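The values are calculated or read from the model by the stated rules, or taken from the named source; none is laboratory data. These numbers were taken from a predicted model, which means no experiment stands behind them. Ideal geometry is used to build each Cβ from the backbone, glycine not excepted, and the neighbour counts take in all protein chains shown.
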Amino acid sequence: MRKETSPGTVLRKHGQFRDIWRRLCRNKLAVWGLVMLALLILLAVFAGFIAPYPYDLQDYSSTSQFPSFKHPMGTDNFGRDILSRVIYGTRISLLIGFISLSVGALSGSILGAIAGFFGGLADTIIMRITDILMSIPRTIFAIAIATTLGPGLANAMIAVAVSSIPNFARVVRASTLTVKDQEYVEAARAIGCSHARIIIRYIFPNVMAPIIVQATLGVGTAIILAASLSFLGLGIQPPTPEWGAMLSSARTFIRDQWYMVAFPGLAIMITVLALNLFGDGLRDALDPKLKK
């Protein structure tokens, strides 16, 4: 027989979302971060309409030009418009950040939930592997993966995703250990629910808050990590416009054509700042201790 959702349950959920949104809106820095993030997403989606030139258009009569009315961010050594490349680079960087973090968050959350829910041998094996991976600096770990797989967009995303799994696994395990002894989980066991149903239906919904916060803050780290891989020649390859690759190709001109480095670096800084401001505000909004 189909289980009906009561109107009171729906209203209660809507009320919780309104409370979270209200607390988020009271944090002005978080609102600014959300607005900047929304603008960046719009910039990435409509890059083809906003960019004044194609990102790979080479004009050898206008190489290495300083910012001007025709080229607001100048041109690079191939005569390509830097503003257009920065705009298209937004699409690549956000794509890497969101997709790789989504894969890493999903994989790490599943492993963390299994470790926390079952305990015993499963917990020991998963957590010891996680401890080993977390003992390796994340950048070094990602470089090792990218070096093994080779350069390219897909391989860079795999490297970023795999390197983010241990953090999510540890966060979700800690939350699962707190949730699994609650009364509603014991009731689900008593009525014969399977382990998979308990984890999906009762564990995950109650550990989503730390996952969301960790993912929001982790996107900025993923963007920086992907830019680092591209800077080292292990990520996205030219002529694809990616901010780290743009920094790498322009570093030899930093003394005379500083703008080639300044604008891609500024784009990375603004994006990571927006994500961190929004992530901090979201963490405070989801904190039950701040409810009034």
Inset, instruction - For the stretch 208-249, name all the residues that are of a type outside the set (Gly, Ala, Ser), surrounded by fewer than 22 Cβ atoms within 10 Å (Cβ to Cβ), touching a residue at least 60 places away in the same chain (Cβ under 8 Å) and farther than 19 Å from Phe278 by Cβ. - result: Leu232, Gln237, Pro239, Thr240
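Table: residues versus (1) modelled with pLDDT of 90 or more; (2) surrounded by 21 or more Cβ atoms within 10 Å (Cβ to Cβ); (3) touching a Gly at 6+ places or on another chain (Cβ under 7 Å).
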| residue | (1), (2), (3) |
| --- | --- |
| Asp19 | no, no, no |
| Arg23 | no, no, no |
| Arg26 | no, no, no |
| Val31 | yes, no, no |
| Tyr60 | no, no, yes |
| Leu83 | yes, no, no |
| Tyr88 | yes, yes, no |
| Ile125 | yes, no, no |
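Could you count how many residues in the stretch 135-160 are of a type in the set (A, V, I, L, M, F, W, C), part of a helix (DSSP H, G or I) and free of Cβ contacts under 8 Å to residues at least 60 places away in the same chain?
7
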Inset, instruction - Would you check if there is a residue in the stretch 169-183 being part of a helix (DSSP H, G or I), surrounded by fewer than 19 Cβ atoms within 10 Å (Cβ to Cβ) and not aliphatic (A, V, I, L, M)? - result: yes
Legend entry - Candidate set from the stretch 190-249 (those that are closer than 19 Å to Met269 by Cα and hydroxyl-bearing (Ser, Thr, Tyr)); member that is modelled with the lowest pLDDT: Thr216
Inset, instruction - All but one of (1) of a type outside the set (Lys, Arg); (2) on the phi < 0 side of the Ramachandran plot; (3) out of contact with any helix residue (DSSP H, G or I) (no Cβ under 8 Å at 6 or more places or on another chain) hold for Met134, so report the exception by its number. - result: (3)
Inset, instruction - Answer yes if at least one residue in the stretch 47-61 is in a helix (DSSP H, G or I) and in contact with a helix residue (DSSP H, G or I) (Cβ under 8 Å, 6 or more places away or on another chain), and no otherwise. - result: yes
Legend entry - Hits in the stretch 34-85 (condition: in contact (Cβ under 8 Å) with a residue 24 or more places away in the chain, under 30 Å from Asp280 (Cβ atoms) and among the small types (Gly, Ala, Ser)): Ala44, Ala47
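Suppose the filter is in contact with a helix residue (DSSP H, G or I) (Cβ under 6 Å, 6 or more places away or on another chain) and either aromatic (Phe, Trp, Tyr) or modelled with pLDDT of 90 or more (or both); does Leu37 pass it?
yes
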Inset, instruction - Evaluate the following for Phe78: is it closer than 20 Å to Ile254 by Cβ, out of contact with any strand residue (DSSP E or B) (no Cβ under 8 Å at 6 or more places or on another chain) and of a type in the set (Phe, Trp, Tyr)? - result: yes
